[in-house]
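Worksheet: one structure, shown below.
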Number of protein chains: 4
Amino acid sequence: MSTNVINVFCQLNYTIVEPTSFVFSIAPAKTDFQQLQQEALTVTPYTPVEWVDIGDYGSRLIRFQAQPGTLTVEYRASVQLMPVLMPAAPLEEIQFSALSADILPYLNPSRYCESDRLGRFAFKEFGQLPMGYARVQAVADWVYHNIDYLPGSTDASSGACDVLIQRAGVCRDFAHLSIAFCRALGIPARYVAGYAPELNPPDFHGFFEAYLGDKWYLFDATKLAPVSGFVRIGTGRDAADASFATLVGEAAMDSMVVSAATASGESLPDNGGAVSSATQ
Amino acid sequence: MSTNVINVFCQLNYTIVEPTSFVFSIAPAKTDFQQLQQEALTVTPYTPVEWVDIGDYGSRLIRFQAQPGTLTVEYRASVQLMPVLMPAAPLEEIQFSALSADILPYLNPSRYCESDRLGRFAFKEFGQLPMGYARVQAVADWVYHNIDYLPGSTDASSGACDVLIQRAGVCRDFAHLSIAFCRALGIPARYVAGYAPELNPPDFHGFFEAYLGDKWYLFDATKLAPVSGFVRIGTGRDAADASFATLVGEAAMDSMVVSAATASGESLPDNGGAVSSATQ
Amino acid sequence: MSTNVINVFCQLNYTIVEPTSFVFSIAPAKTDFQQLQQEALTVTPYTPVEWVDIGDYGSRLIRFQAQPGTLTVEYRASVQLMPVLMPAAPLEEIQFSALSADILPYLNPSRYCESDRLGRFAFKEFGQLPMGYARVQAVADWVYHNIDYLPGSTDASSGACDVLIQRAGVCRDFAHLSIAFCRALGIPARYVAGYAPELNPPDFHGFFEAYLGDKWYLFDATKLAPVSGFVRIGTGRDAADASFATLVGEAAMDSMVVSAATASGESLPDNGGAVSSATQ
Amino acid sequence: MSTNVINVFCQLNYTIVEPTSFVFSIAPAKTDFQQLQQEALTVTPYTPVEWVDIGDYGSRLIRFQAQPGTLTVEYRASVQLMPVLMPAAPLEEIQFSALSADILPYLNPSRYCESDRLGRFAFKEFGQLPMGYARVQAVADWVYHNIDYLPGSTDASSGACDVLIQRAGVCRDFAHLSIAFCRALGIPARYVAGYAPELNPPDFHGFFEAYLGDKWYLFDATKLAPVSGFVRIGTGRDAADASFATLVGEAAMDSMVVSAATASGESLPDNGGAVSSATQ
C-alpha cells in the first residue's frame, strides 16, 4: 500500500439570474481507499448548504438554493490516498455466470456508453486478445492511440459512438468509449469523476474502472495523469451520473479554477501494477 | 387497498448451439405491494439454477448454464397484488432541492431515455401544464396520441429520440419516451418490466413510474391494460436494466408464450386514482 | 411582375496558415428572375480568380488559391429581381406519376433532410390537410411555430431530425426540416442559399423551394424576411450543396459582414401570392 | 478494350392493395461503355409504361400505374460491355482547385455518406498513403477487411456512420462507407447500382466510382464479383438516388429473382488495371 496526500481545490463562479437549485459533486468520496484529512467549503454570499450522501461509493453532494446575483463556491481538501497496488497479470475477467448481482448493471449500455451497438467492433479489435487486466489495458491503449484529445470536439450529448466516428474527444469521451468496449466484451465497467494531479491544464478529470478478479481497477485512456494519484468524487454508469454541477433555475458559469497536487510537491511514481481504489 | 390475484405464466424455448449462460428476469419481484402465493419454475432438460436477488426493489434473477440442445424454461406463479390507490389530484412534483439522494439518479438520461436532448421539446409541450400527477398523465396521454403502436417498428437499439422521430414503437418505446419527457421536466421516472393482464396479444409488458409526493406511481402510455393489474418483474433506468433474458454464448429463441390473467377470471375495474405499487 | 433592385454586399476576412484552395458561393445566380445590373469582386491581396458556372440554376462559384497571410474577399452587386407572383390557391401538388425526371431527385432524402425517417411524422401532422400550396405553407408554418430560432443551437452536422428533436435551429435548419417534411409528403423540395433584405442581424440566408404546378415556389419557415426580396445564390438538395465558402488547406475565418437592402431604401411590400423565382 | 456480353434478368412480384405508382430502375443505362443488344420488358397484367430518361449518365426509368391485384414485372436484356481498362498506377487524384464544376457535388456529404463527420477518421487511416488510384483501392480494401458482409444487419435508414460503428452491412453499405471516406479525403465519389455476374446469391448490386485523372473508375469493396462485368443501371450520390423500385401507393413485394451472367458462360478474367465504364 502506498500513501499519498493530495491537495485538491476548486472555485466555481456563477451569475445567478433567477433563484436556482444547485447540486455540486466536487467533494472527494469517503471510501476505504481515500480519507479526508481536512476539507473546507465556502459559498459566497453565505448560503446554508446540505450535504447529501449518495450511492454506494461514499459520494457526497452539496446542495443549496442560490439567489440572484453572483455566486462563488470554493472547496479545498487534503485527501490521503491509500490505493491498493496489485500485480496486474493475475487479474482475471469474471464469467457472466459468476458475477455478483450488484455488478451486473455495469454490463448494461448507458446514455453515453452504447455498448449494445459496439459488440462486433469490440470483438473484432479485442476479441482475440488474452483476457484479463491486459485486455482492458489494450482497450484503453487503443482509445489512446486512435482518438485525438481535442478540447471542444464534443459536447454534453456526445456518446461513445460519436467519439468513435469523429475520432476525437476529451477525458470523459475517452472513458465512455473505453467503458462501452469493455461492456461489449462482457467486462463490467463504470465511470469515475475526480481530481487528478499533474493534469495540464488543471481541470476535473474523468476516467474509468473495470471489474477484474473481485475488485474494481482504475484505468485512464488519456494517459494524462498517473492513476495512483486519482481522487474519486463520483462513481456511476457514465458521466450522466457524475456531473460536477447540476442546476435547476437560471444561472451562467462565469469561470472555474481547479487544481490538484501532491502535498509533498513531488511527482507521483509510475507504479508497475494495477490500481484499485474502489470501495468494493 | 384493493387485492387481486393474478396468474402469470411464460414458456421460453431455445436451441442452444454452444454452452450458454442465461439470466432470466421473469419472476415477479417480492415487494410490499405484491406477494407470491405460489410459483414454479421448470427448466427442461433439468438444470440446476441460481436465484439471484438484484437491486433495491425485490427483483430476482434466474441464472444457469445451458448445454447444446433444446432448452425450455417454464415459469408460473400466482401473485397477490396490493396496489395502493391514491387520489391523484394532490400528488405533487417534488422540487429538485427536496428530492432524496436515492431518487436523483432517475433524473439522469439513460441509454434509451435521452432526456438531455429533449428539454426544449418537453417544456414546449408540457411546460405550461399544471404540475403534479396530471402533468405526468399528460405526458403519457401525449405519447399515446402521438405515437403509433406498431410491432416491428423499433429494435433493441431504438431510443426515445428515434421513437419520437418515427412516431411509432412498442410498449418499451412508449415507456422510454414518457420517461425521457418526465426527466426533462425534472420529474424522476423509471422503467418497469412486468406482466399485464388483458394484454392482447399476451406478452411481457413495459411501462413506467414517476415519483410524485413521496412515492412512485405507475403509468402506461400504451393504455393496453389496466395499471392496477400490473405485476412488477424488474425495475430500472430503462429497458437496458430489465431484459427478460440475457445470454452469453450462442443460442436462438425459437418461440415464446406469455400469459397473465386474474385468478377470478374477471376484468379489472378501472379505478379513478393513482396506483402506487413500488417498494418505496 | 414586380421589379425590385436589391443591393447586396459581403466581406469575408481570413487568416491563411497554409496555401489554401477556396470556393466561394457568394455571387447571385444569373436566372430569368434576377439580373445583375453590376457586380464587383475584390480579393486582397490581389489574387486571380476563376468564375465557375455550376448546376442548372445559373449559380457561379468563385475559385482561387490563397497564400499564407491575411485574406479579404469583398463582393457587392445590384440585382434586379423579377419574381413572378402567382395566386397561391390554384397551385397544385403534382402526382408522383406525372413529375418530370429532372424533378424526381428532389424527392430523395439528402444529408440534412432525412425524409425517409419522417414519413409517419409528416403524414400525422400534414397528411389530412388540403393538398397544394396551402399544405407547403402549413409545413413552413408548423416549423415556424414549433422550432425556436436560436443561433448556436446547431452545427454543421445537424440534420432535420436533430432539429426536430431539439426544437431549435437557425435558418438552414428551418429550411432542412421543411424540405424533409415536403419530400416525405411526396412534394419535391430543395434548398436555396441567398441574400435577404430586412434580415436582422444581416447574414446570408437559407430558405427553400417546393415544386407545385409546373414551377418552383419560394418559402421561408423563419418568416424573418419578405420572400419577394430574396436573392438566389446557390440551389441544391440541402445546405451541403450551397456552402458560402468551401476551403481545402488551413485557414481561419476572422470576421464576416453581410448586407442586403432595397436600392430604394423602402421596405418590401408583403404580397399576397406565391413567389416563383426559379429558373427551371 | 475488352468486350463482354452480359445477359441480365429480373422478375419482381407484387401484391397491389391500392392503385400504386411505380418507378423501376432496372434497365441498364445507355452509355458509351455499354450498349444494349436487346431488351424486353413484360408487365403482367398488361400495363402501358413510360420510359423516362433521367440524369446525365444514360439512366432510364420505367414508370406506370398499377391497379389492385397481383403484378409481375419481368425484364431481360443483353448488354455489350466495353469497359476501358487503364493502367492504375498513373491515375491521380485531382486537386480541389482543378476539379470541374460538374464533379464538385460528388465531394458533398449525402444522406447515406456522411463524409462531413468522417474527416478525421479518413485522414487517420488513409491520410499518409500515396495518393491516386492506390489510395482509393486502399479505402475499398479497408472496408472489405473491416466490415462484415452480413445480410439483414442494416436497413433502409443505415448510413456510413452506422455501418462503421456496427462493422457490418451489405453491398450498398460497403459502397456508402467507401464513398464517404473518399469524399472526406477530397476524392469525388459516387454510387452505382447495377447487375453483376458471378454474384452469389444473385441480386442487384451496389458499388462505387471514384474520380481520378479525368474519368470515373469503378470499385467494389465487397469483392463479390469482377468489376469488369458490372452493368450500370443507376448513378447517384448514394443509394437514395438509385433505388431499384420506388412506389407511391400501397403494395407489397412478394418475391424477386435477379440474375446476370456472361453470354459465353465463361468467367470474367481478373484484369490487372483500373476499369472505367462511366460516361464522362
Residues located in the stretch C:227-237, provided they are farther than 14 Å from C:Gly55 by Cα and out of contact with any Gly (no Cβ under 8 Å at 6 or more places or on another chain): C:Val227, C:Ser228, C:Gly229
Residue within the stretch B:184-207 that is in a helix (DSSP H, G or I) and touching a residue at least 24 places away in the same chain (Cβ under 8 Å) present: yes
Flag if C:Arg167 is at pLDDT 95 or above and on the phi > 0 side of the Ramachandran plot: yes
Qualifying position, being more than 8 Å from every other protein chain (Cβ to nearest Cβ), buried (at least 16 other Cβ atoms within 10 Å of the Cβ), of a type outside the set (Lys, Arg) and farther than 12 Å from A:Leu185 by Cα, among A:Leu61, A:Leu104, A:Leu71: A:Leu71
Sole residue being at negative phi and either touching a Phe, Trp or Tyr at 6+ places or on another chain (Cβ under 7 Å) or of a type in the set (Gly, Ala, Ser) (or both), chosen from C:Leu185, C:Leu268: C:Leu185
Matching residues in the stretch D:221-244 - criterion: being within 14 Å of another protein chain (Cβ to nearest Cβ) and assigned to a strand (DSSP E or B): D:Gly234, D:Thr235, D:Gly236
Complete set of residues in the stretch C:178-202 that are charged (D, E, K, R) and open to solvent by less than 20 Å² (accessible area, probe 1.4 Å): C:Arg183, C:Arg190
Selection count, the stretch B:208-220, where residues are part of a strand (DSSP E or B) and closer than 21 Å to B:Asp270 by Cβ: 9
Residue match in the stretch D:258-280 (condition: within 21 Å of D:Ile147 (Cβ to Cβ) and in contact with a strand residue (DSSP E or B) (Cβ under 8 Å, 6 or more places away or on another chain)): no
Of all residues making up the stretch A:200-257, the number that are farther than 25 Å from A:Gln35 by Cβ and touching a Cys at 6+ places or on another chain (Cβ under 6 Å): 2
So D:Thr44, is it open to solvent by 30 Å² or more (accessible area, probe 1.4 Å) and either of a type outside the set (Lys, Arg) or in contact (Cβ under 8 Å) with a residue 12 or more places away in the chain (or both): yes
Residue list for the stretch D:63-122, filter: among the hydrophobic types (A, V, I, L, M, F, W, C) and within 30 Å of D:Ile16 (Cβ to Cβ): D:Phe64, D:Ala66, D:Leu71, D:Val73, D:Ala77, D:Val79
Test for A:Val49: is it over 22 Å from B:Phe96 (Cβ atoms) and open to solvent by less than 60 Å² (accessible area, probe 1.4 Å): no
Matching residues, the stretch A:117-153, being part of a loop (DSSP other than H, G, I, E, B), within 12 Å of chain D (Cβ to nearest Cβ) and over 13 Å from A:Thr222 (Cβ atoms): A:Leu118, A:Gly127, A:Ser153
From the options B:Ser25, B:Ser59, B:Ser78, residue that is more than 17 Å from the chain's Cα centre (by Cα) and not assigned by TED's automatic domain parsing to the domain that holds B:Tyr191: B:Ser78
Where C:Ala193 falls short, out of the listed (1) within 14 Å of chain D (Cβ to nearest Cβ); (2) over 11 Å from the mean Cα position of the chain (by Cα): (2)
One residue from D:Phe9, D:Phe24, D:Phe33 being open to solvent by less than 50 Å² (accessible area, probe 1.4 Å), at pLDDT below 95 and either in contact with a Lys or Arg (Cβ under 8 Å, 6 or more places away or on another chain) or closer than 26 Å to D:Ala263 by Cα (or both): D:Phe33
Subset of the stretch C:83-94 [open to solvent by 30 Å² or more (accessible area, probe 1.4 Å) and away from chain D (no Cβ under 14 Å)]: C:Val84, C:Leu85, C:Met86, C:Pro87, C:Ala89, C:Pro90, C:Glu92
Failed item in (1) surrounded by fewer than 20 Cβ atoms within 10 Å (Cβ to Cβ); (2) within 14 Å of chain D (Cβ to nearest Cβ); (3) without any contact (Cβ under 8 Å) to a residue 60 or more places away in the chain, with C:Leu247 passing the rest: (3)
Residue in the stretch A:203-217 that is more than 12 Å from the chain's Cα centre (by Cα), open to solvent by less than 10 Å² (accessible area, probe 1.4 Å), within 14 Å of chain B (Cβ to nearest Cβ) and of a type in the set (A, V, I, L, M) present: no
Neighbours by Cβ (under 7 Å, 6+ apart or cross-chain): first from the stretch A:156-168, at the interface with chain D (Cβ under 7 Å from one of its Cβ atoms); second open to solvent by 10 Å² or more (accessible area, probe 1.4 Å) and part of a loop (DSSP other than H, G, I, E, B): A:Cys161/A:Glu114; A:Gln166/A:Ser153; A:Ala168/A:Leu150; A:Ala168/A:Ser153
Matching entry among D:Ser110, D:Ser97, D:Ser78 (being facing chain C (nearest Cβ under 8 Å), touching a residue at least 12 places away in the same chain (Cβ under 8 Å), hydroxyl-bearing (Ser, Thr, Tyr) and in contact with a strand residue (DSSP E or B) (Cβ under 7 Å, 6 or more places away or on another chain)): D:Ser110
Members of the stretch C:13-71 that are within 29 Å of C:Glu250 (Cβ to Cβ) and of a type in the set (Phe, Trp, Tyr): C:Tyr14, C:Phe22, C:Phe24, C:Tyr46, C:Trp51, C:Phe64
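The values are calculated or read from the model by the stated rules, or taken from the named source; none is laboratory data. All of these numbers come straight from a predicted model, not from anything done at the bench. Cβ sites come from the backbone with ideal geometry, for glycine too, and all protein chains shown count toward neighbours. Protein only, heavy atoms only, side chains kept; ligands, DNA and RNA dropped before computing areas. Shrake-Rupley method; radii C 1.70, N 1.55, O 1.52, S 1.80 Å.
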